[in-house]
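Here's the structure, in structure tokens; my notes come after.
The values are calculated or read from the model by the stated rules, or taken from the named source; none is laboratory data. Given the structure is predicted, the values throughout are model-derived calculations rather than measurements. Reconstructed Cβ throughout: ideal geometry from the backbone, glycine too, with neighbour counts over all protein chains shown. Please note that ligands, DNA and RNA were not included when accessible areas were found on the heavy atoms of the full protein model with its side chains. Shrake-Rupley method; radii C 1.70, N 1.55, O 1.52, S 1.80 Å.
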Amino acid sequence: MSVESQRPRLYMDEHKLKQDPHDYGLADEPFSLETFKKKFQIVVVKYDGNEMEFDMIGVHPGIANAFRRLMLSEVPSMAIEKVYIYNNTSIMQDEVLAHRLGLIPLRADPRRFLYKTEESGDQGNEHDTIEFELKVKCTRRKDVKDSSNFDTIYKNHKVYSGQIKWLPKGKQAQIFSETDVGCIHDDILINQLRPGHELDLRLLAVKGIGKDHAKFSPVATAFYRLLPEIKLNRKVEGKEAFLLQKCFSPGVIGIDENDCAYVKDARYDTCSRNVYRYPQLEDAVTMSRVRDHYIFNVESVGALKPDVIFIEAVKVLKEKCRKFLEEIEAA
């Protein structure tokens with residue numbers, strides 16, 4: 001029996017999932033470290049800036065889900081935690097303004113900072129806190145008289161994240177530059193002002209994890225899905241071939257020069273089962289998913305690269321396992 005035929009699959013019928021008759025499920029699989037080493041693979045499929053797609057092959061779903069949850073909620077990042085509002089005459093309430101500021105992603109590398117403790121006080125110190133200020137006042141331009149464009153009439157009527165200024169604490173100015181710790185995006189709209197409105201704020205950013213608040217999550221999204229597999233059971237040609245192509249996501253089914261359908265790339269199929277809407281095509285296709293092949297998509301907010309976030313998640317899991325073993329040995 002080939003390795004390909006031994007892969008555990010879940011078959012997709014019209015209204016239910018059907019297990020492979022040779023696959024007895026996860027419950028009856030004894031764990032073997034040697035078998036795990038042989039089967040386990042990580043393959044990076046796509047890496048583009050802050051987005052990464054990779055395959056995790058040969059693992060239990062509990063392990064795959066553990067990495068997903070760790071990337072979302074236990075890999076740390078820096079975010080604005082306290083906002084001291086000395087003046088806010090805009091129409092935005094103080095608590096709404098503070099909440100918006102907290103969600104602005106920062107470029108600071110959390111690995112270079114400590115978690116804030118009670119010993120460091122409310123203001124923190126150079127090792128665990130980054131301080132910023134935001135001072136903006138909206139005025140009317142005297143040289144502009146007849147215009148309906150607010151950008152032309154008013155100065156500073158839109159407050160952007162790029163107007164947040166870094167205030168180095170201690171020796172931070174010798175270690176970091178403003179581009180190392182400032183906002184990742186300068187064009188995030190924070191508030192809109194009118195003449196006479198003013199903001200005077202001091203912001204304190206600390207290290208935290210997504211489990212405490214979503215603003216500390218280092219990823220915009222992190223999810224996985226099972227690898228789809230599509231097999232044509234018979235020759236499909238002519239109008240049926242083009243109809244079959246429309247039943248799947250773009251790029252999944254191809255049409256050759258003889259107007260015959262073939263599986264071009266099953267990887268990006270969404271498993272919609274639209275093919276079952278047409279009785280003449282029901283027997284033409286077998287759809288399944290490989291039960292131990294996970295396609296991960298990770299998109300970073302920008303402070304850490306997606307591959308670094310995954311490695312940090314591995315470190316967190318390793319530390320959890322170490323503590324668990326220590327507790328067992330101590331019991």
The residue that is most open to solvent (accessible area, probe 1.4 Å), considering only those in segment 264-293 that are touching a helix residue (DSSP H, G or I) at 6+ places or on another chain (Cβ under 8 Å), assigned to a loop (DSSP other than H, G, I, E, B) and under 15 Å from Ile253 (Cβ atoms), is Tyr278
Of the residues Lys211, Lys231, Lys169, Lys235, which is more than 21 Å from Val136 (Cα to Cα), basic (Lys, Arg) and open to solvent by less than 40 Å² (accessible area, probe 1.4 Å)? Lys169
Can you say whether Leu243 is among the aliphatic types (A, V, I, L, M) and either in contact with a Lys or Arg (Cβ under 7 Å, 6 or more places away or on another chain) or over 13 Å from Met287 (Cα atoms) (or both), as far as the supplied structure shows? yes
Qualifying residue in segment 216-233 (condition: under 29 Å from Pro61 (Cα atoms), assigned to a loop (DSSP other than H, G, I, E, B), touching a helix residue (DSSP H, G or I) at 6+ places or on another chain (Cβ under 6 Å) and not basic (Lys, Arg)): yes
Residues that are surrounded by fewer than 16 Cβ atoms within 10 Å (Cβ to Cβ), at pLDDT 90 or above and not assigned by the TED database to the domain that holds Leu226: find the helices (runs of 4 or more DSSP H) completely inside segment 1-118 holding 3 or more of those. 94-102
Select from segment 239-263 the residues that are part of a loop (DSSP other than H, G, I, E, B) and more than 14 Å from Arg273 (Cβ to Cβ) and write down the one among them that is most open to solvent (accessible area, probe 1.4 Å). Glu257
Keeping to segment 121-155, report how many residues are out of contact with any strand residue (DSSP E or B) (no Cβ under 7 Å at 6 or more places or on another chain) and part of a helix (DSSP H, G or I). 3
Condition broken by Tyr276, with the remaining ones in (1) modelled with pLDDT under 95; (2) among the hydroxyl-bearing types (Ser, Thr, Tyr); (3) within 30 Å of Gly208 (Cα to Cα) satisfied: (3)
